[in-house]
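What follows is a set of notes on a single structure, which appears directly below.
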Amino acid sequence: MARAYLLIIVLGVLGGVGFGAWKYYTDTQQRIQTLSENNAKLETALQTSEASVTALQTQAEQTAVLTKQLQEDLQKAEQYGDNLRQRLRQLDLLADAIANAKNLEGRMNGATAKLWREIMGETGNTAGSSTDLPFWLQSKTGSGNQDSNAGTESNSTDSSQTQTN
């Protein structure tokens, strides 16, 4: 009988060891599968992050080039503004207006029209014809009144509207 108990104990121990080995094997296989799935996700995330870094580097280079161009354009604009201020200091507009107002008006309108066309050209308006000028800069028709702006008074309180002869 002792042999039977010993046999049952040995079979129980062997069964326990076998069950433990089977459980260890299935648990290990499950972990391997989970880790493989996580590795695939990490590789995808790594590829995405590398693509993002590359895109950011490219964008940073483009931004640097555009910033440099804007800086150069700003310097040119400031130089142009300084040149205009210097020219205005040299001109005596009041004396010129008193001496020949009609001539000064024509020159001012011509310069404004030229500037307006340049602005329109640089902002994408490629038509470039003289009819692209705003209504307040269109050439006057008729003889006009040289002494004052008589007849341009309005009862309107809307200061954003300009009335011309």
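Evaluation of Tyr80 against the conditions (1) surrounded by 10 or more Cβ atoms within 10 Å (Cβ to Cβ); (2) over 30 Å from the mean Cα position of the chain (by Cα) shows that the sole unmet condition is (2).
When Arg31, Arg87 are checked against the criterion of being exposed (fewer than 10 other Cβ atoms within 10 Å of the Cβ) and out of contact with any strand residue (DSSP E or B) (no Cβ under 8 Å at 6 or more places or on another chain), a single residue qualifies: Arg87.
Residues that are modelled with pLDDT under 85 and polar (S, T, N, Q) within region 77-108 comprise Gln90, Asn100, Asn103, listed in sequence order.
The values are calculated or read from the model by the stated rules, or taken from the named source; none is laboratory data. This is a predicted model, so every value here is computed, not measured. Virtual Cβ from ideal backbone geometry, glycine too; neighbours counted across all protein chains shown.
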